[in-house]
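Accompanying notes for the structure given below.
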Amino acid sequence: MGFRSVTTFDKRTTADAVIGKLRDGMTIGIGGWGPRRKPMALVRALLRSDVKDLTIVAYGGPDVGMLLAAGKVRKLIYGFVSLDAIPLEPYFRKAREAGALEVLELDEGMLQWGLKAAALRLPFLPTRVGLGTDLFEQGGFKTVTSPYDDGEVMLAMPAVPLDLALIHVHRADRMGNIQALGPDTYYDDWFAKAAKEVVVSAEEVVEPVDHSYPEDAKANIFERCFVHHVVAAKHGAHPTSMPPSYGWDMPALKAYVASAGEEDGWQRYRSDVIGADEAHYLAQVGGDDAIAKLPLPIF
Amino acid sequence: MTAPEHMLSELLIVACSEVFRGNGEIVATGIGPIPRVAAGLAKLTHNPALMMTDGEAYLVEDPVPIGPRGYDDRKPAGYLPFSRYFDSAVWTGKRHAVVSPIQIDRFGQTNLSFIGGSFDKPKIQMLGARGFPGNSIHHINSMFVPAHSKRIFVPEVDSVSSVGYNPAKRLAGANFSGVDLRFIVTDLCVMDFGGPDHAIRLVSLHDGVTVDQVREATGFDVLIEGTPPVTATPTEEQLAIIAKLDPHNIRATVLKGNPPGKRA
C-alpha cells in the first residue's frame, strides 16, 4: 500500500446509518433514469425510515413511485416519471390525479440545466426550453434578457440545489473513489455536484481502486470530493437495470405496478416485498443468483 | 407496374421515412416501431448520412432491428448517451424526431402531458411534457398518428407540451427560429405545415382514402389544395429492408386489425 494511510480516511457506512441522519423536509436528488441504475437499496432504506415531507428531484422511475406511495413526498421536481416498457408509473399517476402533490414539471433538458446551475453555484442558467409551452406558466418561470446586442429573451432556469443526492454505482472504495460502468450514466454526475452531501451505494466496495481496477479510471464519473458516504449494496439497483451487471426485473416491476391496482396493495408490497431489511428484500425477489442472471434490456 | 402487396403499416413506414429526405447529417429519432423502422429505412435508402442510436447509448451505422435480439448484436460506431443528448443532439439542432403525441392542434402544438382537468389536478395523467419543450424549440420534428381522429386532432390542445406556430404563445423578444415542424403521417394521409402562417395542409391521401374522411376525422380545418396525390406505396426493395429491420413483425401490431395497404 505504499506510503498512504488508508485507516484515517474512510467514508464507509451503512444505508440505515446514513438514512437515519436525515431530517424531514430535505431536498433529495436521486440519480439514474426511469427504471435504470436507480439507487433502490438507499430508496428502500428511506422507505423503511420515518423521514417525511421530502422534496424529491429525479428522472423518476419506481424510486419516485414508491416514495409517493409511501407518502414521503411533499414536492416532486421531475423530468419524467416512467418505467420505460411500462410508460405510466402507476403511483405517480395516482398522486397527480389526486391533485394533492406539489410538483415542478420540467423538460428533461431543463432538469439537468437546473442541476448544472446548482453545481456551478449560479442562481440560474438561460435557455430557450420551455418558452412557447405551458410549462412556462405551470412552473412559474421568469425570463432574462441578454445584455448584448441580440437582446434575446430567455427562460431563466433556476438552480435546483440538493441537500442530498443518492447514487448507485458499480464500485467504490473507502475514500469515495467511484467507478460507474455501463453504457450510460445519465446525469448522476450533476446530481452529485448539485448536492451538499452525496451518498453512493456500490455493487462492490473494493480495495482502493488504484490498486484494484486502475484500468477503469475513466469510469470515475465524478471526483471523490463529491462523495461523502459509501454504502455497500450488491444488487442495490434491483428492480431497475444496472448494466453490464444485470438487467431490470420486469416480473418484479410488473408485480409492483399491479400493487397499485389492489386494495391495500402498497401496504402489502411494503411489508411483504420491501420488508424490514435488504436481506429480506433480496430473498423475496429471488436472491442474488437470480438477479445476477437478469438479462440486459434491449431497446 | 402494380405495387407489390403490402400492409398499411409498411406504407406508413415508407411515408415516415420520407420525412427524413434531404435532412443530411443529423440524428434521426423515431419513437415507436413504425417511426423507428422508418428512420432505419431512410438511412438505408435515400439518406446514408443520417445518424441514429441503438436506442440505448451508442450511435450505429447499421440500423438496429427492433424487438428481441442479442444485446451485443449492435455495432457501436459512436457514442450518444442521454448524458450527452442535450448538448450534442437536441439543443444544437442536430436532430429530427418523429413522435406520437396524444393531441395535436391547428397550430401544430402538441400535448403529451395530461387530458382533462387542470395541471394541478389532471383528469388523466399521461407522460408529462418529457423532452417535447426542448425538442420543439431546437430541432426538426414530425409526428406519427396511428389512428387519425378528432380525439387527437383537436382545435387547441389541453396542455402545450411542444411549441407550435400559435401567435398567442410567442413571447416577445424570444427566439423561436428553431421551431421547424415538417410532416404529420397518419393512417389516412400525410400532412405538412405548408399553408399560410404554417397552417396544416394535406400533402397526400393513402390509397383508397377520401378527402371527406380526413375532414371528418380532424377537429380543425385542414388546408386542401386541388386534388391531392396518392401516397407512394412501398417498393419490393423497401419491403425487404423493412422485413430486415423488423424481423419479428412488430409492425403488424401497431394498427388495429393490421389492415392491408390497399383498402377495400
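The values are calculated or read from the model by the stated rules, or taken from the named source; none is laboratory data. The structure presented is a predicted model; accordingly, all values stated were derived computationally and were not measured. Backbone-built Cβ (ideal geometry, glycine too); neighbour counts: all protein chains shown. All accessible areas refer to the heavy atoms of the entire protein, side chains included, with ligands and DNA or RNA removed. Shrake-Rupley method; radii C 1.70, N 1.55, O 1.52, S 1.80 Å.
Would you say A:Tyr91 is out of contact with any strand residue (DSSP E or B) (no Cβ under 7 Å at 6 or more places or on another chain) and surrounded by 18 or more Cβ atoms within 10 Å (Cβ to Cβ)? So A:Tyr91 fits the description; yes. When A:Gly34, A:Gly65 are screened for being in contact (Cβ under 8 Å) with a residue 40 or more places away in the chain, open to solvent by less than 20 Å² (accessible area, probe 1.4 Å) and at positive phi, only A:Gly34 passes.
What's the total number of residues in the range B:172-204 that are within 14 Å of chain A (Cβ to nearest Cβ) and in contact with a strand residue (DSSP E or B) (Cβ under 6 Å, 6 or more places away or on another chain)? Talk me through it step by step, then tell me what you get.
Here is the first cut: in the range B:172-204, the residues within 14 Å of chain A (Cβ to nearest Cβ) are B:172-181, B:198.
The next check asks that each one be in contact with a strand residue (DSSP E or B) (Cβ under 6 Å, 6 or more places away or on another chain); those that pass are B:173-174, B:180-181.
So the count comes out to 4.
Filter the range A:152-166 down to the residues that are within 13 Å of another protein chain (Cβ to nearest Cβ) and crowded, with 20+ Cβ neighbours inside 10 Å, then identify the one that is nearest to A:Val43 (Cα to Cα). By that ranking, first place goes to A:Met157. The residues of the range A:204-223 that are in a strand (DSSP E or B) and open to solvent by less than 30 Å² (accessible area, probe 1.4 Å) amount to a single one, A:Val206.
Tell me, yes or no, whether the range B:10-29 has at least one residue that is in a loop (DSSP other than H, G, I, E, B), touching a Ser or Thr at 6+ places or on another chain (Cβ under 8 Å), open to solvent by less than 20 Å² (accessible area, probe 1.4 Å) and not small (Gly, Ala, Ser).
Let us first name the residues in the range B:10-29 that are in a loop (DSSP other than H, G, I, E, B), namely B:19-26.
If we keep only those that are touching a Ser or Thr at 6+ places or on another chain (Cβ under 8 Å) as well, we get B:19.
Filter once more, keeping what is open to solvent by less than 20 Å² (accessible area, probe 1.4 Å): B:19.
Within this subset, residues satisfying the condition of being not small (Gly, Ala, Ser) are B:19.
Among the residues of the range B:10-29, at least one is in a loop (DSSP other than H, G, I, E, B), touching a Ser or Thr at 6+ places or on another chain (Cβ under 8 Å), open to solvent by less than 20 Å² (accessible area, probe 1.4 Å) and not small (Gly, Ala, Ser), which makes the answer yes.
Kindly indicate whether any position in the range B:129-141 is more than 11 Å from chain A (Cβ to nearest Cβ), surrounded by 21 or more Cβ atoms within 10 Å (Cβ to Cβ) and touching a Pro at 6+ places or on another chain (Cβ under 6 Å). Let's see the steps before the verdict.
Let us first name the residues in the range B:129-141 that are more than 11 Å from chain A (Cβ to nearest Cβ), namely B:139-141.
Checking the rest, the ones that are also surrounded by 21 or more Cβ atoms within 10 Å (Cβ to Cβ) come to B:139-141.
Then drop every residue that is not touching a Pro at 6+ places or on another chain (Cβ under 6 Å), which leaves none.
The answer is no; no qualifying residue exists.
Looking at the range B:71-83 only, could you name the residues that are within 12 Å of another protein chain (Cβ to nearest Cβ), at pLDDT 95 or above and surrounded by fewer than 17 Cβ atoms within 10 Å (Cβ to Cβ)? Scanning the range B:71-83 gives B:Pro76, B:Tyr79. Evaluate the following for B:Pro167: is it open to solvent by 20 Å² or more (accessible area, probe 1.4 Å), more than 8 Å from chain A (Cβ to nearest Cβ) and in contact with an Asp or Glu (Cβ under 7 Å, 6 or more places away or on another chain)? For B:Pro167, the condition - open to solvent by 20 Å² or more (accessible area, probe 1.4 Å), more than 8 Å from chain A (Cβ to nearest Cβ) and in contact with an Asp or Glu (Cβ under 7 Å, 6 or more places away or on another chain) - is not met.
Looking for something within 12 Å of chain A (Cβ to nearest Cβ) and open to solvent by less than 10 Å² (accessible area, probe 1.4 Å) - is there at least one such residue anywhere in the range B:149-159? Yes; the residues of the range B:149-159 include at least one that is within 12 Å of chain A (Cβ to nearest Cβ) and open to solvent by less than 10 Å² (accessible area, probe 1.4 Å).
Taking first residues from the range B:45-63 that are within 14 Å of chain A (Cβ to nearest Cβ) and partners that are among the polar types (S, T, N, Q) and part of a strand (DSSP E or B), the Cβ contacts under 8 Å between residues at least 6 apart in sequence or on separate chains come to B:Met52/B:Thr29; B:Thr53/B:Thr29; B:Leu59/B:Thr53; B:Val60/B:Thr53. The residues of the range A:282-299 that are in contact with a strand residue (DSSP E or B) (Cβ under 8 Å, 6 or more places away or on another chain) and open to solvent by less than 60 Å² (accessible area, probe 1.4 Å), listed by number, are A:Ile291, A:Ala292, A:Leu294, A:Leu296, A:Pro297. Just to be sure, is B:Pro68 within 11 Å of chain A (Cβ to nearest Cβ), over 18 Å from the mean Cα position of the chain (by Cα) and in contact (Cβ under 8 Å) with a residue 60 or more places away in the chain? Here the answer is yes, as B:Pro68 does meet what is asked.
Mind listing whichever residues of the range B:72-86 are within 11 Å of A:Tyr187 (Cα to Cα) and in contact with a Ser or Thr (Cβ under 8 Å, 6 or more places away or on another chain)? Hits for the range B:72-86 are B:Pro81, B:Ser83. If you go through the range B:48-63 and pick out every residue that is outside any strand (DSSP E or B), touching a strand residue (DSSP E or B) at 6+ places or on another chain (Cβ under 8 Å) and surrounded by 17 or more Cβ atoms within 10 Å (Cβ to Cβ), you end up with 4.
Going residue by residue through the range B:90-111, is there one that turns out to be facing another protein chain (nearest Cβ under 9 Å) and farther than 29 Å from B:Arg251 by Cβ? Don't jump to the end; show me each part of the working.
We begin by selecting, within the range B:90-111, every residue facing another protein chain (nearest Cβ under 9 Å); these are B:90-91, B:109, B:111.
Next, only the ones that are farther than 29 Å from B:Arg251 by Cβ stay: B:91.
Taking every residue of the range B:90-111 in turn, at least one turns out to be facing another protein chain (nearest Cβ under 9 Å) and farther than 29 Å from B:Arg251 by Cβ.
Here B:Gly173 meets each of (1) open to solvent by less than 10 Å² (accessible area, probe 1.4 Å); (2) free of Cβ contacts under 8 Å to residues at least 40 places away in the same chain with one exception, condition (1). Only one of the numbered conditions (1) open to solvent by 30 Å² or more (accessible area, probe 1.4 Å); (2) touching a helix residue (DSSP H, G or I) at 6+ places or on another chain (Cβ under 9 Å); (3) away from chain A (no Cβ under 14 Å) is violated by B:Ile34, and that is (1). Name the residues in the range B:197-230 that are among the small types (Gly, Ala, Ser) and either under 26 Å from B:Met7 (Cβ atoms) or open to solvent by 80 Å² or more (accessible area, probe 1.4 Å) (or both), would you? Once the filter is applied, which keeps residues that are among the small types (Gly, Ala, Ser) and either under 26 Å from B:Met7 (Cβ atoms) or open to solvent by 80 Å² or more (accessible area, probe 1.4 Å) (or both), the range B:197-230 yields B:Ser204, B:Gly208, B:Ala217. Across the range A:260-285, the number of residues qualifying as in contact (Cβ under 8 Å) with a residue 24 or more places away in the chain and of a type in the set (Gly, Ala, Ser) comes to 3. Considering each residue of the range A:96-115 in turn, at least one proves to be under 14 Å from B:Leu127 (Cα atoms) and open to solvent by 30 Å² or more (accessible area, probe 1.4 Å).
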